[in-house]
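Structure first, commentary second.
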Amino acid sequence: MNFFHRHRGLTPYLLLAPGIAWLAVFFVVPLGYLAYQSLQSGNIDFGYAFTWSWGNYWHAIRDYRAQFVRSLEYAGIATALALVISYPVAYWIAFRGGRWKNLLLLFIVAPFFVTYLIRTLAWETILSDNGFVVNTLQSLHLLGSDGRLLATSTAVVTGITYNFLPFMALPLYVSLEQIDHSLIEAAEDLYASKVHAFLRVTLPLSLPGVVAGTLLTFIPAAGDFINAQLLGSPENHMIGNVIQSKFLELTDYPAAASMSFILMAAILVAVFAYARAIGTEQLTGTAV
Amino acid sequence: MSSIAVPVRRQRSALAKTLAFVRYHVLTVYSLLFFAYLLLPIAIVVVFSFNHPTGKFNYIWQGFTWNNWLNWDGVPGIRSAIILSLEIALIASLVATALGTLIALALVRYGFRGRATTNMLIFLPLSTPEIVLGASLLTLFLNVTWLPFGFWTILIAHIMFCISFAVVTVKARLVGFDRHLEEAAMDLGANEWVTFRKVTMPLIAPAILAALLLCFAISIDDFVVTYFNSGSRVTFPLFVWGAARIGAPPQVNVIGTAIFVIAVAGMLGSMLLQMRRGKGAT
């Protein structure tokens, strides 16, 4: 009768076509260009030529090892902190939130409604040399009288932890919310203490949320350069800062492109190591 | 025997009760502290939008003023930056939601070859660091010389990273969708298009609206990808970045506060709407 009826098998492809084409042209193809660029040599004035210049990769690792390591370190610490900080709250909302759950979730995502850069600048204000936090720490002698928080690794990790916290808290909440309360009651009926019931029932059942939250926090954190730029000093610069300046200030495209790939590879390795430690089933369970 | 056991048990349960009471409230107190920590920077942003800074640094509280709000566009460049951000966010969220909804429909409704690949292609941009997304698009546009960096490159980038979010949002609602309603419409003689317009569309409208809002919020907040692909155009986040290097003026806080208030009002509004709907259904 009409086109759709005669070609039913075609319908899904017609629905997919425009969006998938967009992603193919503006996501997949650019990754190809990035790979191509990463193996070029030359400079902006005389032009770049493709020369299978694998040296870009070795030079990147040789010259910027510290920044790579620091990125993974900062992202790792921030992710662990975010997990420890937000787990009790996700638990509290899931089990005690009652009819306020949605409102409390709104509080959790509230930081996202303030422009990323502006909330990072707010941390700059909070941690500034004459600010309340520094003064308090100084009066408690936890910080020397000329000690500061800005331009330290503490400030950068604080900023990263804060900025990606909702990415950790939300998946934790979702997995805790789905837990069937009768399972915990059953454990308690069978004489498990509250602590035991938590460790043996609640915690394992919330693992998918832990995995999802960890990945959602770690991946963007490892590539971040805004916190290091605004809250840190050059000594706290992460690999994102190097990639950014090589691309946009120094126009050393091949070096920057090879670093982007190394960053992606490093993240993949970290994610797989994590997946092995915690069990691949959990990972695929959440990825699908 | 039992007369001895009973008081012991009672005592223990009293102890357990106090412990449980303390534990219960420890968690509540901790959660309140957590929310204070979460909202502290937001409070700083709002408070400092009313600050009256003497120097160029808006770090230290000097005194209250309405001036920053009255002269919200009193800094050169801020007005055009906001307008550009709104334009990009509006177009990008509309296009990305349209493309994403179609993909979600295909993924939920049809079995077809290449499904797993499609799912992968949707998932990958979400799990790629923004800096890699921005950098790879930059290398593409460097090679496409007929398309100069500016409005169009920003728009293309924003649509790209919004599509996956739109797909995920719409898909989540479509999964619980009762297909019998559509079949009923078809049985009653409606063709596919009429069924889509009269039955499917109204039912998935809330999901589409949610996707639109999410894409708009992500687009208007984006810094990294835009920074790589903007050429000489300046969106609001780029304006903040530039301003931060020489000391951000309080107007930045004004706009930040305004965006926050509008976004929260929108979220609260849609929440109330859902609650009312939920009540009507039961």
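The values are calculated or read from the model by the stated rules, or taken from the named source; none is laboratory data. On a predicted model such as this, the values are computed, not experimentally measured, just so you know. Counting neighbours? That spans all protein chains shown, and the Cβs are built from the backbone with ideal geometry, glycine included.
For region B:250-273, which residues satisfy the criterion of being surrounded by 14 or more Cβ atoms within 10 Å (Cβ to Cβ) and among the β-branched types (Val, Ile, Thr)?
Listed by number, the residues that qualify are B:252, B:254, B:255, B:257, B:259, B:264.
Here are B:88, B:44: which of them is modelled with pLDDT of 95 or more and either assigned to a helix (DSSP H, G or I) or facing chain A (nearest Cβ under 9 Å) (or both)? Lay out the reasoning, then the answer.
Details: B:44 fails: modelled with pLDDT of 95 or more.
On inspection, the qualifying residue turns out to be B:88.
Just name the residue that is modelled with the lowest pLDDT out of those in region A:118-146 that are touching a helix residue (DSSP H, G or I) at 6+ places or on another chain (Cβ under 7 Å) and farther than 25 Å from residue B:47 by Cα.
The residue in question is A:145.
Which of the helices (runs of 4 or more DSSP H) found entirely inside region B:94-211 contain at least 3 residues meeting this: at pLDDT below 90?
Result: B:115-126, B:151-174, B:180-187, B:192-195.
What's the number of the only condition in (1) among the aliphatic types (A, V, I, L, M); (2) without any contact (Cβ under 8 Å) to a residue 60 or more places away in the chain; (3) surrounded by 13 or more Cβ atoms within 10 Å (Cβ to Cβ) that residue A:84 fails to meet?
So residue A:84 meets the others, but not (3).
Please specify each residue of region A:185-238 satisfying the condition of being buried (at least 21 other Cβ atoms within 10 Å of the Cβ) and of a type in the set (Gly, Ala, Ser).
A:206, A:209, A:212, A:213, A:221, A:222, A:223, A:228, A:232
Quick one: in region B:47-85, which of the residues that are part of a helix (DSSP H, G or I) and free of Cβ contacts under 8 Å to residues at least 40 places away in the same chain is surrounded by the fewest Cβ atoms within 10 Å (Cβ to Cβ)?
Only one residue fits best here, namely B:70.
Give region B:195-211 a look and list any residue that's hydrophobic (A, V, I, L, M, F, W, C) and either surrounded by fewer than 22 Cβ atoms within 10 Å (Cβ to Cβ) or touching a His at 6+ places or on another chain (Cβ under 8 Å) (or both), or say none.
The answer is B:196, B:199, B:201, B:203, B:204, B:205, B:207, B:208, B:209, B:210.
Cβ contacts < 8 Å: first residue facing another protein chain (nearest Cβ under 7 Å), restricted to region B:96-108; second residue among the polar types (S, T, N, Q) and surrounded by 22 or more Cβ atoms within 10 Å (Cβ to Cβ), any location; separation 6+ or different chain. Result?
Short answer, once both residue conditions are applied: B:100/B:164; B:100/B:169.
Looking at region A:68-78, can you tell me whether even one residue there is more than 23 Å from the chain's Cα centre (by Cα) and buried (at least 21 other Cβ atoms within 10 Å of the Cβ)?
Within region A:68-78, none of the residues are more than 23 Å from the chain's Cα centre (by Cα) and buried (at least 21 other Cβ atoms within 10 Å of the Cβ).
Consider only pairs whose beta carbons are under 7 Å apart and that are at least six residues apart or on different chains; among these, list those whose first residue lies in region A:171-200 and is free of Cβ contacts under 8 Å to residues at least 24 places away in the same chain and whose second residue is surrounded by 11 or more Cβ atoms within 10 Å (Cβ to Cβ) and outside any helix (DSSP H, G or I).
A:200/A:192
Of all residues in region A:123-135, count the ones that are part of a helix (DSSP H, G or I) and within 7 Å of chain B (Cβ to nearest Cβ).
Residues that pass the stated criteria total 3.
Could you list all residues from region B:237-248 that are buried (at least 20 other Cβ atoms within 10 Å of the Cβ), at pLDDT 85 or above and either at the interface with chain A (Cβ under 7 Å from one of its Cβ atoms) or not in a helix (DSSP H, G or I) (or both)?
B:237, B:240, B:241
For every residue, the table says whether it meets (1) farther than 19 Å from residue A:27 by Cα; (2) surrounded by 15 or more Cβ atoms within 10 Å (Cβ to Cβ); (3) in contact with a helix residue (DSSP H, G or I) (Cβ under 6 Å, 6 or more places away or on another chain); (4) not charged (D, E, K, R).
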| residue | (1), (2), (3), (4) |
| --- | --- |
| B:96 | no, yes, yes, yes |
| B:99 | no, yes, yes, yes |
| B:102 | no, yes, yes, yes |
| B:111 | yes, no, no, yes |
| B:117 | no, no, no, yes |
| B:130 | no, yes, yes, no |
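I'd like to check something: does region B:222-230 contain any residue that is surrounded by 23 or more Cβ atoms within 10 Å (Cβ to Cβ) and of a type in the set (Asp, Glu)?
Yes - at least one qualifying residue is present in region B:222-230.
Out of the residues in region A:111-142 that are polar (S, T, N, Q) and surrounded by 13 or more Cβ atoms within 10 Å (Cβ to Cβ), state the one that is farthest from residue B:254 (Cα to Cα).
A:138
Name the one entry in A:138, A:229 that is away from chain B (no Cβ under 14 Å) and in a helix (DSSP H, G or I).
A:138
Within region A:185-194, is even one residue under 30 Å from residue B:16 (Cα atoms) and within 11 Å of chain B (Cβ to nearest Cβ)?
yes
Condition first: at the interface with chain B (Cβ under 10 Å from one of its Cβ atoms) and within 19 Å of the chain's Cα centre (by Cα). Can you find one or more residues in region A:200-216 that meet it?
Yes.
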